[in-house]
């Protein structure tokens, strides 16, 4: 199937790093040297043999916090992406195939939602909603599904006018065959790479919200929240806040590398095997 | 200007106004009709029923939603944005100075970012597939993956703390001399520039490449025009519209970036004001500021569309 | 032959030209491929050499090499290109720039894309002249207007004021020719200049180009895939295949006494023996007074169209773009329900809308498309593509289905080894064959063929037509054959309907339709189809009674 030697090096780096983050998240309680809320030393201790990344603003082990933070970050981002993706893709495909008022109504609604910057809309909504994980995932998922909707509708509309779809309609095939056998297999590759991009966006969006104090609430902290906790140290020359920030960047870059590769690989085939 | 353009532009502007009205409904609905009672949210779980009822009365929450919406909209249209619940201050007055601050910051970020992005985009096209191009697209990939606060704090860490060139906290006040003000916004403006630069550059590159690959550029080359003249006379006139489009879309993106950057640098602008009041659950402020952000965003998008309409020779010179 | 000519009269002398390109196959290391293998040619001043071949023959690549230009990573890696006595490959970038637009000019296939949409035509026409400083602006514009006149463009004084999108395709092609002639070059490279045009427009452009070449004494390389077209304008013809020279000779020799088998195949490509069948007594499909329009528009794309199709016979529907011939197919299949009129099938009316038709009716009407690439789902194997109608209409599955698919693959002269292939792994001709097999699998009474050969190279198209005729004999299936190509019609039709602006202007048995007296449009159409005969063009222009639509 897939020959590891033929994967380009950037993609390989991306895959390895992503896998590392995921493993850290899954096995957090076993990997982390200390508990999530455990105070183990002084405030903002520098990096040392006992505390590889030093300690945070309350004297907790930063490495352990990072590992647990990976868990929360990935958990919320994955769920939000799953929600935005299933919602957006199902509605987008349906709009393309059924057309008519259903398509018009949904598309106008999405236009409206997208005419406000996502962050601003999220802030407006979060100003009245209770701050908890469910709200966070719902808000992120629903707001982001507009982009997935646009893409999947556009892809499906393009495919829907292809001669092979017309041939299937002339044959007398029903809507289910047309969506699942004719359109879906051909829409998969752009959607898969979009999945990667949506996930990155979810990570960045969650981090931003948490950084602004509107995401994950203490004592739990995702990486964005950890930046917020430690940001006051920066002016004293303490780089603790930069570590979770860099982790977010590293995660986003590695997923980006993988998504880029998937997109290149599938588009260069122009159909056929793969 | 010929009639189809005027018609299209008018249509686009009308659509924008309709969109703005719809957005105002959405923002209002988003804060008023969603579960979660504003009064409850302000007073907290321990509030007594009497105080809740009082506050509801005071906020006009007992009236139907559409009445409140039209009252609010009427106020907004006449420049009355209401009063902040948390401080009791007039929102319009508090916003004025902050709006100016935000625009000042965004303006200087744009002044640097736009020409830089276009020049770098052109360089990437000129040396396509060379190392410069690869470096640029690599940086673009990286910077779309960087959260704004990462860029912001790295700047603070080095320029404010380690080297102490610029202040890490951007305090500005009324009557501040221009030079000092510029120094205060140096870091946030740089952060904002970096946030939008890569994306804008990548899109500019794509827009120019798209034009460079068209048949009329080949025609120009086959007439013996120099590479520079091919770009100046044949590629550029057709690339203007897509580039303006790219610039506008990124400026729209910039006003989102401004929210986070202002928080990082504790800069007294609209973004920080918004975030503060979201935390305080001060709904009237959130509505007003949200609407202003949305209005700027929508206007930039309309300008992008209009630029594309005007730059299209098919519309400028109809059959 | 080059040696026999006086050296002094030679304008262009290409010696052992070798052109390579790097390709990047997905998942593999980039590799070099040779596009042109050591081709040599000479061209005298004021003469026209036709370069002919199928796609991939390297003809455009050779043409552009005379300007030192390679498209998208194409490199000249060997040989000499001697123009006006010097090897231009040694001149470097500066040298190329000096000769492009001055000594050699280029006319592209699609003038609509080759003109810059942002500038007025006149500015573009005189640009090269001004750039190379061979005339002042006033002189250049005067020259351009004279050329517009010569190329019989309407309003020659003012057409230069216009923007490209304000001018029709046929006119743009002539403006582009004027642009090439304006700087008075020694050589013009015409790269399929009439291929994108309708047949009745093509003849005017062709005549205009020919006159202009004659009167200005410019030499030309005329690149095309259509031998009949090149025979009208060339003094000599060079036949190319897969980047190699096949045959080079005088025009008369090439078309009358080809020495190579491949040339012979190209010359005789349109000659298919087909005995016309007399219409039977009862048609099985009748289109009666059908009128149709797209959307809610008031412009009728079909106006009161009536035609009949008899079992096992071919009705060819001929017309230019916009004549409504494809719309007729959509009305019959139910994709575009007619506003008025009926389609009767086996004596009963067919439901107007696709959704209202029973499966059995759908099975009886199958369709083959122009672009086989997009008519097959790229994610399905040939086996699935051909097997689906068997499953869907007859419930045949599993091994029996595979056996039937293999039979069908045999019928279309492809082995059963293709059963697991994906469309992307097939050649253009093979793709169209698979589409034919898919429609045959339904055992239909009628197959609608919508321009099925027009995207294919002539020899491949020839094979497809022969296959279709063969299958008609075996399966006694009827065809509704939609095409703009009259040569194809002559080869396979039993009856013909000529369409013009949504109406059938002439209809009947093939022999009757193709026998005079003609109506004005049919006359124009018939007289516009290039024939492989020297001097045809002049004769055709002289004999015309009606101006072409694209003018």
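Computed over chain A, the Cα gyration tensor eigenvalues convert (square root of 5λ each) into semi-axes of 41, 23, 13 Å, ordered from largest to smallest. Across chain A, C-alpha contacts under 8 Å between residues 6 or more apart give a mean separation that, scaled by the residue count, equals a relative contact order of 23 percent.
Taking the number of Cβ atoms within 10 Å of each Cβ as an exposure proxy, the fewest-first ranking of C:179, A:226, B:203, B:176 is B:176, B:203, C:179, A:226.
Using a Gaussian network model of chain B in which every pair of alpha carbons under 10 angstrom is joined by a spring, one finds that among B:177, B:284, B:268 the greatest mean-square fluctuation is at B:177.
Once both axes come from the Cα atoms, what is the angle between helix B:3-32 and the longest principal axis of chain B, in degrees from 0 to 90, rounded to 10? Rounded to the nearest ten degrees, it is 30. Each peptide in C:301-310, A:43-52 gets a packing score, the mean of other Cβ atoms within 10 Å over its residues, and the list from highest to lowest is C:301-310, A:43-52. In chain B, the longest principal axis of the Cα atoms and the axis of helix B:270-279 are about 40 degrees apart. For the segment B:212-218, counting C-beta atoms of other chains within 10 Å of every residue's C-beta and taking the mean gives 5. Highest mean packing first, where packing is the average number of other Cβ atoms within 10 Å per residue, the peptides C:463-473, A:81-91 line up as A:81-91, C:463-473. The helix-based estimate of mean residue ellipticity at 222 nm for chain A, built from -39,500 (n - 2.57) per DSSP H run of four or more residues and divided by its residue count, is -23000 deg cm²/dmol to the nearest 500. Of all beta bridges that DSSP places with both ends in chain C, some 55 percent have antiparallel geometry. With a 10 Å cut-off around each Cβ of C:384-390, the average count of Cβ atoms from other chains is 2. Both radii were evaluated on the Cα set of the protein assembly as shown; the Rg over Rh quotient, with Rh as the Kirkwood radius, amounts to 1.02.
In chain C, the longest principal axis of the Cα atoms and the axis of helix C:137-150 are about 40 degrees apart. A Stokes-Einstein calculation at 4 °C with viscosity 1.567 mPa s, built on the Kirkwood radius of chain C over Cα pairs, returns a diffusion coefficient of 51 µm²/s. Region B:141-193 and region C:256-322 have Cα centres separated by 73 Å. Remark: relative contact order (region B:95-281) = 33 percent; criterion is Cα-Cα distance under 8 angstrom and separation of 6 or more residues. Mean sequence separation of contacting Cα pairs (under 8 Å, at least six apart), scaled by the length of chain B, corresponds to a relative contact order of 28 percent. Springs join every pair of Cα atoms under 10 Å in this Gaussian network model of chain A, and among A:25, A:239, A:77 the largest mean-square fluctuation is at A:239. Think of it as helices only: each DSSP H run of n ≥ 4 in chain B is worth -39500 (n - 2.57), and spread over all residues that comes to -25000 deg cm²/dmol at 222 nm. Annotation: the antiparallel percentage among DSSP beta bridges lying fully within the protein assembly as shown is about 55.
With 10 Å bins beginning at zero, the pair-distance distribution over Cα atoms of region B:95-281 amounts to 9, 31, 29, 17, 10, 3, 0 %. Can you tell me which of A:37, A:92, A:225 moves the most in a GNM of chain A? Springs connect C-alpha atoms under 10 Å apart. For chain A, modelled as a Gaussian network with Cα springs under 10 Å, the answer is A:37.
Protection proxy ranking, highest mean first, for peptides C:352-362, A:169-179: A:169-179, C:352-362, where packing is the per-residue count of other beta-carbon atoms within 10 Å, averaged. From least to most packed, judged by other beta carbons within 10 angstrom and beginning with the fewest, B:173, C:521 follow the order B:173, C:521. Other protein chain C-beta atoms within 10 Å of residue C-beta, averaged over C:367-379: 6.
Ranking of C:239, A:40 by neighbouring Cβ atoms within 10 Å, starting from the fewest: A:40, C:239. Three principal axis extents describe the C-alpha atoms of chain B; from largest down they are 85, 60, 37 Å. To the nearest whole percent, what portion of all C-alpha pairs in region C:285-531 is separated by more than 31 angstrom? Beyond 31 Å sits 24 percent of the P(r) for region C:285-531.
Taken together, the values in this text are just the output of simple stated rules run on the coordinates, not laboratory data. Just so it is clear, the structure is predicted and the values come from calculations on it, not from any experiment. FYI the Cβ positions are ideal-geometry reconstructions off the backbone, even for glycines, and counts take in every protein chain you see.
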